[in-house]
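The structure appears below as structure tokens.
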Amino acid sequence: MELEKRGVAAPLVVTETFLPLVQAQAQARRVTPRFLVVPHPVGGLNEAELAGRIDGAAAELLRMADEARGRP
């Protein structure tokens, strides 16, 4: 969150279960971070399940990077 506060694009990867907690922390720190929300849980997944979560998040992370660079 501190990087975002300083103007550096740094998306936070958070599972949907913990999103309200992270949003509350962001509000307390007066920062509006970029969130990359992934399904919960991440721990305990087998290799194929984890690879699926990564594939699902990778496209969104790349889109956010392009947006931060000012690319459409």
Exercise. Considering the stretch 28-59 alone, what residues qualify as being surrounded by 10 or more Cβ atoms within 10 Å (Cβ to Cβ) and either over 25 Å from residue 69 (Cα atoms) or of a type in the set (Gly, Ala, Ser) (or both)?
Worked result: 39, 40, 41, 42, 45, 49, 50, 51, 52, 56, 57, 58
Exercise. Where residues in the stretch 6-29 are free of Cβ contacts under 8 Å to residues at least 12 places away in the same chain and assigned to a loop (DSSP other than H, G, I, E, B), which of them is nearest to residue 43 (Cα to Cα)?
Worked result: 8
For this session: Would you check if there is a residue in the stretch 50-67 being among the acidic types (Asp, Glu), modelled with pLDDT under 95 and within 11 Å of the chain's Cα centre (by Cα)?
Result: yes
Seminar exercise, completed: If we ask which residues in the stretch 13-45 are over 11 Å from the mean Cα position of the chain (by Cα) and of a type in the set (A, V, I, L, M), their number turns out to be 7
For this session: Any residue in the stretch 40-59 that's among the β-branched types (Val, Ile, Thr): show its pairings with residues that are surrounded by 11 or more Cβ atoms within 10 Å (Cβ to Cβ) at Cβ separation under 7 Å, as long as the two are six or more apart or on different chains.
Result: 42/15; 42/53
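The values are calculated or read from the model by the stated rules, or taken from the named source; none is laboratory data. These figures come from a predicted structure and were not determined experimentally. Heads up, the Cβs are rebuilt from the backbone with ideal geometry, glycines too, and the neighbour counts pull from every protein chain shown.
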